[in-house]
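To start, the structure under review is shown below, and the notes come after it.
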Amino acid sequence: MADDLLLLGGSVIDGTGAAASPDTAVLLVDGRIAALGADAVAHAAATTTTLDVAGQTVMPGLIDSHLHCTFDDVQSNDELFFHRDPTMVTLTTSQNLQKILRAGVTSFVDPDTAHGVGPSIREAIEAGVISGPRMKTGVQALMTAVGGTAGRLIPDEGTVGYAQVVNSVDEVILWTRRHIKFGADWIKIHATGSIPGRPGELMVWNRNEMKAACETAHELGVPVMAHCRSPESTTICAEAGVDLILHASFIDDDGLQAVIDNGASICPTFTFLANLADFGASVGATPGMEDVFRNEIQATAKMMRKAYDEGVRIISGSESGFALTPYGHWHGREMQVFVEELGLTELEAITTATKNGAWTMRMEEDLGTIEVGKLADVLVVDGDPTTDITMLNDKSRLSEVISRGERVDLSAPWPEHGHIKDWKIGKWAEEILTWDRAYG
Ligand SMILES: [Zn+2]
């Protein structure tokens, strides 16, 4: 049951990019935004709960357009593909959803899910079997036999973890249709992959395969997103009709033109790279990766700014679900990168996680802004994020998370689970124990 709430005295950032409006009341009734300003005060009923939020900021709940809710803060591809069973994946996901919600994320998009459990998780949330943010989801990521970022761990054919291998245009069509039949809101394509011994990622789909996926999905009214971490991949995917480019790493002028000409949007998802570059050493990440990722951010950010200025929809996504991007901690980091590396204003950055996220959710009529009639997904932030965007990552600043018109309990202990037998891979050691290291 949604509470009827009157948020009184707060400064409202509506998520459209407009400047904050000070001292503006917000009335939430039956899970919707019922009225704003003087109207809100006038229409509050005697039974309405009033929250004094003077001096605080009222804004739309965050929409994280790229996270992996079934990965359980995974530490390696080996673990992710070969040590996870569907039941435990589902159980841990139900707990991890609480962390995501408690961090102010009231909606998210998950491109691909371990064992394809995404649609079931979404339906369990919708039906109230488990609680969690609003969710839109893919089933698994379509990959060619070259694989994605897991190299030779991906088999030549079949299904493993979050991957579905497709080896011909016919298989592309078949699996796109199957994923839609099983409830995909999005089709996810791993357009680039790593080949051992070759630097970076390479385009591992041809144009016909890519077109087949886009045409098949679009015929059934489902959009397509693609993981693109090479310059030509963004060009080829945008030309083939991909709706959302993930990463767009090293996007060049041709790529940007293709994105503009075809009306694609971009979710750069710098957060994983930024965390590794800034903090990788402190958690034992593979040495040398810091500079690689820092260069990727800098090379891409310049073009991303250009894309933003050309009117391309830029969207915030955190890639949460990995050891470097654990749930509940980094959902606001992307906005910080947009401010620091793209030079967006804080208000512009907030729009990438509110109004623009509503597009990824396919819920633009209902979500993403504080406007009368929209769904009551609202945050109250103790402070002004337009002067310091980093506070959106600071849970101590979140005084209220309102999801579907209900106040989320922020006082309960942070949900955590302990060691799950045969789940996390035990590493023998971080480094090689040579005789010299022991006695030298
Ligand atoms: Zn991802």
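The values are calculated or read from the model by the stated rules, or taken from the named source; none is laboratory data. The model shown is predicted, which means the values in this text are computed figures rather than measured ones. All Cβ positions, even for glycine, are placed from backbone atoms using ideal geometry, and neighbour counts span all protein chains on display.
Of all residues being assigned to a loop (DSSP other than H, G, I, E, B) and under 20 Å from the mean Cα position of the chain (by Cα) in the range 260-282, which is farthest from the ligand (Cβ to nearest atom)? Just the residue, please.
264
Looking at residue 32 and the list (1) more than 17 Å from residue 397 (Cβ to Cβ); (2) in contact (Cβ under 8 Å) with a residue 60 or more places away in the chain; (3) touching a His at 6+ places or on another chain (Cβ under 7 Å), which single condition is not satisfied?
Condition (3) is where residue 32 drops out.
Kindly indicate whether residue 130 is without any contact (Cβ under 8 Å) to a residue 40 or more places away in the chain and in contact with a Lys or Arg (Cβ under 9 Å, 6 or more places away or on another chain).
No, not satisfied.
Would it be correct to say that residue 70 is surrounded by fewer than 22 Cβ atoms within 10 Å (Cβ to Cβ), over 25 Å from residue 345 (Cα atoms) and out of contact with any strand residue (DSSP E or B) (no Cβ under 6 Å at 6 or more places or on another chain)?
Numbers: surrounded by fewer than 22 Cβ atoms within 10 Å (Cβ to Cβ): no; over 25 Å from residue 345 (Cα atoms): yes; out of contact with any strand residue (DSSP E or B) (no Cβ under 6 Å at 6 or more places or on another chain): yes.
Judged against the criteria, residue 70 is not a match.
Quick one: in the range 215-259, of everything that is crowded, with 24+ Cβ neighbours inside 10 Å, more than 16 Å from the ligand (Cβ to nearest atom) and under 22 Å from the mean Cα position of the chain (by Cα), which residue is farthest from residue 170 (Cα to Cα)?
My answer is 251.
Hey, can you tell me all the residues within the range 200-252 that are over 21 Å from residue 360 (Cα atoms), touching a helix residue (DSSP H, G or I) at 6+ places or on another chain (Cβ under 9 Å) and either without any contact (Cβ under 8 Å) to a residue 24 or more places away in the chain or among the polar types (S, T, N, Q) (or both)?
Residues satisfying the conditions are 206, 208.
What's the number of the only condition in (1) in contact with a strand residue (DSSP E or B) (Cβ under 9 Å, 6 or more places away or on another chain); (2) of a type outside the set (Gly, Ala, Ser); (3) surrounded by fewer than 19 Cβ atoms within 10 Å (Cβ to Cβ) that residue 292 fails to meet?
(1) is the only condition that residue 292 fails.
Out of all the residues in the range 84-117, which are among the polar types (S, T, N, Q), more than 16 Å from the ligand (Cβ to nearest atom) and touching a residue at least 12 places away in the same chain (Cβ under 8 Å)?
90, 92, 94, 95, 98, 106, 107
Out of 347, 367, 342, report the one residue that is at pLDDT 95 or above, of a type outside the set (Asp, Glu), closer than 12 Å to residue 59 by Cβ and not assigned by TED's automatic domain parsing to the domain that holds residue 302.
Result of the check over 347, 367, 342: 347.
Mind listing just one residue for me: the one in the range 118-127 that is touching a residue at least 12 places away in the same chain (Cβ under 8 Å) and of a type outside the set (A, V, I, L, M, F, W, C) and, of those, nearest to the ligand (Cβ to nearest atom)?
Checking each candidate, the answer is 118.
For residue 77, are the conditions met, namely being within 16 Å of the ligand (Cβ to nearest atom) and either under 26 Å from residue 10 (Cα atoms) or buried (at least 24 other Cβ atoms within 10 Å of the Cβ) (or both)?
When the stated conditions are applied, residue 77 does not pass them.
For the range 134-207, which fully contained strands (runs of 3 or more DSSP E) count at least 1 residues that are surrounded by fewer than 19 Cβ atoms within 10 Å (Cβ to Cβ) and at pLDDT 95 or above?
Those strands (runs of 3 or more DSSP E) span 158-160.
Here is a check on your reading of the model: is residue 364 free of Cβ contacts under 8 Å to residues at least 24 places away in the same chain and over 20 Å from residue 102 (Cβ atoms)? Can you show your working first?
Values: free of Cβ contacts under 8 Å to residues at least 24 places away in the same chain: yes; over 20 Å from residue 102 (Cβ atoms): yes.
Yes: the conditions hold for residue 364.
Return the total of residues in the range 302-358 being under 13 Å from the mean Cα position of the chain (by Cα) and assigned to a loop (DSSP other than H, G, I, E, B).
15
Suppose the filter is away from the ligand (no atom under 16 Å from the Cβ) and either of a type in the set (Gly, Ala, Ser) or closer than 25 Å to residue 104 by Cα (or both); does residue 299 pass it? Steps first, answer last, please.
On the way: away from the ligand (no atom under 16 Å from the Cβ): yes; either of a type in the set (Gly, Ala, Ser) or closer than 25 Å to residue 104 by Cα (or both): yes.
The answer is yes for residue 299.
Looking at (1) of a type in the set (Gly, Ala, Ser); (2) more than 29 Å from residue 97 (Cβ to Cβ); (3) assigned by TED's automatic domain parsing to the domain that holds residue 233; (4) touching a residue at least 12 places away in the same chain (Cβ under 8 Å), which is the only condition residue 281 fails?
Of the numbered conditions (1) of a type in the set (Gly, Ala, Ser); (2) more than 29 Å from residue 97 (Cβ to Cβ); (3) assigned by TED's automatic domain parsing to the domain that holds residue 233; (4) touching a residue at least 12 places away in the same chain (Cβ under 8 Å), the odd one out for residue 281 is (4).
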